[in-house]
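The values are calculated or read from the model by the stated rules, or taken from the named source; none is laboratory data. These figures come from a predicted structure and were not determined experimentally. Only protein heavy atoms, including side chains, enter the accessible area calculation; ligands, DNA and RNA are left aside. Shrake-Rupley method; radii C 1.70, N 1.55, O 1.52, S 1.80 Å.
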Amino acid sequence: IMLRDADSAMYQAKKEGRNRFAFFTQSMNDDAKARMEMDGLLRKAIDEDELELYYQPIIDTSTNAVVGTEALLRWHNKTLGMVPPDVFIPLAEESEFINEIGTWVLNNATSQIMSHDANEALWLSVNVSARQFKEDNFIDTVNRALTDSGLAANRLKVEITEGLLID
């Protein structure tokens, strides 16, 4: 138990920055336990069909026409209800489960836009995590999603975070 508690304190110190220390508190243990439980639920989210895509229209302000759409990932858990992305995305990134989620988003978003917009010129914007972008097979994953859905490559915009760009 003492080693587990020391480990929790060490991770808390790391989270706060370099050259820091932290004393173990019960809330650290509670937070770690809650994170582990949520991680377990998140890993089942794809199999349980709990992930959903919402689409935000992208408007050309000069013409007021809809020119594209951005796929937004949402998680509706049976127990927790709607879990905000700012809660589950960092957790998925920490656990490396983000690659599987990112592939799910690419596959479903490209298929869904084709089923609703097969003859239009709307483009699709999908956010990818730094971890997913750095994967050796990332280009293959994107190409497979495009091929399977029939979406033309010029209609897909892959968005990355500013942090990834700096890296």
What order do S95, S62 take when sorted by accessible area (1.4 Å probe), most exposed first? S62, S95
How much length, in nm to one decimal, is gained on full extension between M82 and E159, taken as 0.36 nm per residue of separation minus their Cα-Cα distance? 25.3 nm
Mean accessible area per residue over region 27-136 (1.4 angstrom probe, all protein chains present, square angstrom) is 58 Å²
Using Cα-only point scatterers and the Debye equation, what is log10 of I(q)/I(0) for region 75-167 at each q in 0.16, 0.20 Å⁻¹, rounded to two decimals? -0.72, -1.03
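Tell me, what % of the accessible area of region 78-164 is carbon and sulfur with a 1.4 angstrom probe?
Values: 2440 of 4880 Å².
Whole-percent figure for carbon plus sulfur exposure: 50.
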